Amino acid sequence: MTNTQVTHVQIDNYGPWTVTPEPRREVDLQTLQSELYADLSQLFGNRNGYVFFARFDNMIAVTNGLTVDDHAMIQESVGNRYPVTMSMAVATGTTPVQALGDATSELQAAGSAQDEARTEILRGRTIDEEFRTDGDVQIAHFDVNDVTGEYTDEINEFDTFIHIEQAYAELMRYMRKAHESLSFFVGGDNVIAVCPALDAEDYRDAIDHVREAVDVDLKVGVGRGRTAQPAGMAAKHALERCRTTGATVELAF
């Protein structure tokens, strides 16, 4: 059984801020969003967590091993360096979907995302050390089979992008609906999914579904760990074995 700790990160009052006192240049907003995501990636990553950009004004982190105090330090660092603040809520669950749902409910209970009086909320709970195990986090690393030969070297970049986005969107929807997992595009042709305790047949089911739905072939390596980063590295090594052996699914456990 997995026990995933998930943090919902939300920029406070971001929509109104982008147009106050007048609309801000899109290039400046894109720069702020990308820099904030990069900083959060390091701040969570230095503590063995993963953060995914979602819609940028909202981000989702896998934070097994991080305490409430760790979250407060990250929150303070952002508040000291950026013209915006952010709120966070932390929750745990046997599935990532359950944990994220509970974390989001905590934020929503604290006030609207566009409530200027709701700033730097930090709520929720983390996993007590005595209940942590080496199998708490399961990470799956998907990529597209022969993306260079099939797409990158054969068709224009925008059409390649469409194919990859279609595969990602279908995988994201199906893994959420059928397997209580959270999947995120992480660049190139790569998707990382945070999963409950799935087995090889569950992953084959998802890959078969994507092939049938959008005609894109995937492979996946899967790892487990006490925190996100060891699980993710195990998944990367398993994916490399897929590339070497031609397997569709490789489990590193």
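For the options N13, N80, N48, a Gaussian network treatment of the chain with springs between C-alpha atoms closer than 10 Å singles out N80 as fluctuating the most. With each label modelled as a point 7 angstrom along the Cα→C-beta vector, the M233-Q108 pair spans 3.8 nm. Please identify every one of the trypsin sites (Lys or Arg not before Pro) in the range 19-118 that sits in a loop by DSSP and has no more than 12 other beta carbons within 10 Å of its own beta carbon. Sites meeting the loop and neighbour criteria: R25, R55.
How many percent of the accessible area of the chain is carbon or sulfur, using a 1.4 Å probe? Mind showing how you got there, number by number?
Working: 5730 of 11950 Å².
Reported share for carbon and sulfur atoms: 48 percent.
Between M1 and T31, the distance separating the two model label sites (each 7 Å from Cα on the Cα→Cβ line) works out to 5.0 nm.
Remind me, relative contact order of the chain in percent, using alpha carbon pairs under 8 angstrom and six or more residues apart? Could the numbers behind the result be given before it?
Details: 502 pairs, mean separation 55.7, N = 253.
It rounds to 22 percent for the chain.
Of the residues D189, D153, D202, the one that moves most in a GNM of the chain with alpha-carbon contacts below 10 Å is D153.
Remark: the range 187-200, residue by residue, has Karplus-estimated 3J(HN,Hα) of x, x, 10, 10, 10, 10, 10, 9, 10, x, 7, 8, 10, 4 Hz, where x stands for each Gly or Pro and the curve is 6.51 cos²θ - 1.76 cosθ + 1.60 at θ = phi - 60°.
Scoring 5-12, 155-162, 34-41 by mean Cβ neighbours within 10 Å over their residues and listing the highest first yields 5-12, 34-41, 155-162.
Please work out whether the range 178-219 counts as rounded, prolate or oblate from its C-alpha gyration tensor, where a ≥ b ≥ c are the square roots of the eigenvalues and a/c under 1.5 means rounded, while otherwise a/b larger than b/c means prolate and anything else oblate? If you can, show how the numbers build up before the last one.
Numbers: a/c = 2.00, a/b = 1.08, b/c = 1.84.
Note, shape of the range 178-219 comes out oblate.
Accessible surface calculations at 1.4 Å, restricted to protein heavy atoms, place the chain at 47 Å² per residue. Remark: the T20-A213 segment gains 65.2 nm on full extension, using 0.36 nm per residue and subtracting the alpha carbon distance.
Helices in the chain, meaning DSSP H runs of at least 4 residues, each add -39500 (n - 2.57). Divided by all residues, the mean residue ellipticity at 222 nm is -14500 deg cm²/dmol.
A Gaussian network model of the chain, with springs between Cα atoms under 10 Å, assigns the largest mean-square fluctuation among Q108, Q98, Q138 to Q108.
Three semi-axes describe the equivalent ellipsoid of the chain; taken as square roots of 5 times the Cα gyration tensor eigenvalues and ordered largest first, they are 31, 24, 15 Å.
The values are calculated or read from the model by the stated rules, or taken from the named source; none is laboratory data. Computed from a predicted structure; not experimentally measured. Don't worry about glycine lacking a Cβ; one is built from the backbone with ideal geometry, like all the others, and counts go over all protein chains shown. Accessible surface is based on the protein model in full, side chains and every heavy atom, while ligands, DNA and RNA are left aside. Shrake-Rupley method; radii C 1.70, N 1.55, O 1.52, S 1.80 Å.
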